[in-house]
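Scroll down for the structure; my scribbles are underneath it.
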Amino acid sequence: MEEEIKAKFNESGFTIDEAGEEEILHKCLTFCINYKLGPSDLVSSWEVYYLNRQLNESTVQNAEMDGFLLHLQNEVKEAVIKEEPNLHVYSSKDVEMILNNEDEYSKEDDIGTPTQRSNLSPEQSDPMHQTSGKAYYSSGKASTLITPFGQRTEKFVVRFSINQQLGGENGKMEHDIESSEDDFIKKVQPHKRCSLAINGTKPEPGCRFMYDRTEDRFNALENRIKRHESALVASGLYEEPVDPTLASQKSIFSVGMICCDGEGHLNDKSVLLQSSVEHSSGQCVRLDLQKLSQFSIFPGQIVGVEGNNPSGHCLIASKIIESVPLNALADVVSPPAKKQALEQETISTDPASSTQELSVIIAAGPFTTTDNLFFEPLTELLAYARRKMPQLLVLLGPFVDSEHPEVSRGSINMTYDDIFHQEILGKLQDYVEYLGDSARVVLVPSIRDANHDFVFPQPGFDISPLGLKHQITSLTNPGIFEANEVKVGCCTVDILKQLSGEEMSRNPKDGIPSDRMSRLAYHILSQRSFYPLYPPAEGIPLDLSLAPEALHFSLVPDVLILPSDMKYFIKVVPLGGKIGEPQAKCICINPGRLAKGEGGGTFVELNYEGTPDRASASIIGI
């Protein structure tokens, strides 16, 4: 039968490594016997494994046999679970786990006493620290069947930190410092439940979308311009705006939206300013920026412009006002979003929560590596959170990533909803049940979630059947919530990456170049919009008929979470502070992706204490 297996491999275009041919064929024969496969079935399974792992060579290597065995076990397990969902399939992994723990238990005189369980380390007593037999067991012994994620050498490395109080220097291993008393845990007691309130709940789950009209888009853009006009005038720093298309020798002040004259990116010759219907009937005028030594603009940005228009065809700008003053009435046009309290009392009577103290762990998807759907990074993150016991865990999509190779190919035998409920909600349910009522989780969907509505703004997940709504909360995308009076804004659309591709900026020749990441985050805050870019980037299902107010925020949040494929960062971004206006600061965070390819990514651990300047945060590699 070994010769038949070899022939089937050759027929499918694969060659077997000559150095290990005998051992490879022997293993393949064992696989056929154990899993009742014929040679053709075995080779078909190898082709799927070959494509999933994206192997470069068509040579069957002995080093891939362990991974191939894991692939076969997973196929068989999925087939059995599909037929009988409530049946647990015992495998060699279960046996190995028992054998690995046998010596540990034999040392105990009385196995089941609570005292002996309490003497175990967090890793040993924590079943979630296991990676489902795919990497390491709680005993600390390595499994013989490991994935590339399980082979990583650096775990919980601090990559970057601000106001360092989470221990260690950059790059220090987390497990080297976790034995000492942690200031992070000491400052905010984990058993104190944080208050939580959602600012705005639209769009709601089950809403109809893809019905937006040109009129809806026009009204949304017009309202943005009028809102900025009203805010700038209300600040008392600027006069009433006028029509920028009219010829005028004297200096004028106008408000409008930056547009691009034609397709492609902005350049010196293609910048237009579109004013409101009230002032210019929505007409555009070319904007000359030659006199400005410094600016940063992008399509869709609402700006105030001081300058003159001698000919009526070109507005020569002498000053650009990019930000709405903080002391302005930003909600002149639209009322503030309704706040939904998730507590009977939103503000706790506990004095600790009235001082804006909050401990939070933040992570953004994907939550599984591209070579499998085991969700190992999520399992490791939850094990870490169980040890640290933050008041709040914020997870941002995608959860079931539509760009995952197996999902995009449609090679899985489960529905996307089943994957979400089993691998995401099931693990989170175990997490909150373990920590008790003090644990809170906030979920934010993504337009990349295969199990959710492909629209932006996006409704939250419908997780009401779980019965844990008081502990696991689903937010809209984008959305704002308050935890212990700390205002947190979230948006899972990669607006930072999209803005970086459309922005046009100029720095003074003799000046210091500005920090680009801070500048991109500043655009979000200064525009008071989670998605100020217009037209939207390709592939963004922007529907302005649903809830255009969901994209707008009137008050600057204390924390702004903007997951992006760009490099992770934590920035304290100042806003305002010019003569005659107050200043505010916001912690802007890109936590990176928890999983990157076949390896691990990063997440953020934040300890907020009263103000952004006093907050401590670390970016940690999983």
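The values are calculated or read from the model by the stated rules, or taken from the named source; none is laboratory data. These figures come from a predicted structure and were not determined experimentally. A quick note on method: Cβ atoms are made from the backbone with ideal geometry, for glycine too, and the neighbour counts reach across all protein chains shown. Remember, those area values only see protein heavy atoms, side chains included, never the ligands or the DNA or RNA. Shrake-Rupley method; radii C 1.70, N 1.55, O 1.52, S 1.80 Å.
Residue count for segment 569-583 satisfying the condition of being open to solvent by 50 Å² or more (accessible area, probe 1.4 Å) and at pLDDT 85 or above: 3. So which residues in segment 467-490 are farther than 17 Å from ILE589 by Cβ, part of a strand (DSSP E or B) and touching a Pro at 6+ places or on another chain (Cβ under 8 Å)? Matches in segment 467-490: SER474 only.
For segment 273-303, filtered to residues that are hydroxyl-bearing (Ser, Thr, Tyr) and open to solvent by 10 Å² or more (accessible area, probe 1.4 Å), the residue that is farthest from ILE524 (Cα to Cα) is SER281. Say whether the condition of being surrounded by fewer than 18 Cβ atoms within 10 Å (Cβ to Cβ) and either of a type in the set (A, V, I, L, M) or in the same structural domain as ASN309 (by the TED database) (or both) is met by at least one residue in segment 221-232. Within segment 221-232, not a single residue is surrounded by fewer than 18 Cβ atoms within 10 Å (Cβ to Cβ) and either of a type in the set (A, V, I, L, M) or in the same structural domain as ASN309 (by the TED database) (or both).
Tally time: how many residues in segment 419-431 are open to solvent by less than 80 Å² (accessible area, probe 1.4 Å) and either under 27 Å from GLU47 (Cα atoms) or of a type outside the set (D, E, K, R) (or both)? Explain how you work it out, then say what you get.
Quick first cut of segment 419-431, residues open to solvent by less than 80 Å² (accessible area, probe 1.4 Å) only: 419-420, 423-429, 431.
The next check asks that each one be either under 27 Å from GLU47 (Cα atoms) or of a type outside the set (D, E, K, R) (or both); those that pass are 419-420, 423-426, 428-429, 431.
Count: 9.
The numbered conditions (1) part of a loop (DSSP other than H, G, I, E, B); (2) under 19 Å from ILE447 (Cβ atoms); (3) not polar (S, T, N, Q) are all true for VAL556 except (2). Would you be able to tell me the number of residues in segment 544-563 that are open to solvent by 10 Å² or more (accessible area, probe 1.4 Å) and of a type outside the set (A, V, I, L, M)? Residues flagged as open to solvent by 10 Å² or more (accessible area, probe 1.4 Å) and of a type outside the set (A, V, I, L, M) within segment 544-563 amount to 6.
Checked against the criterion of being of a type in the set (Asp, Glu), on the phi < 0 side of the Ramachandran plot and open to solvent by less than 50 Å² (accessible area, probe 1.4 Å), the candidates ASP41, ASP17 yield just one match: ASP17. Within segment 363-387, can you find the residues that are over 27 Å from PRO478 (Cβ atoms) and part of a helix (DSSP H, G or I)? Within segment 363-387, GLU376, THR379, GLU380, ALA383, ARG386, ARG387 meet the criteria.
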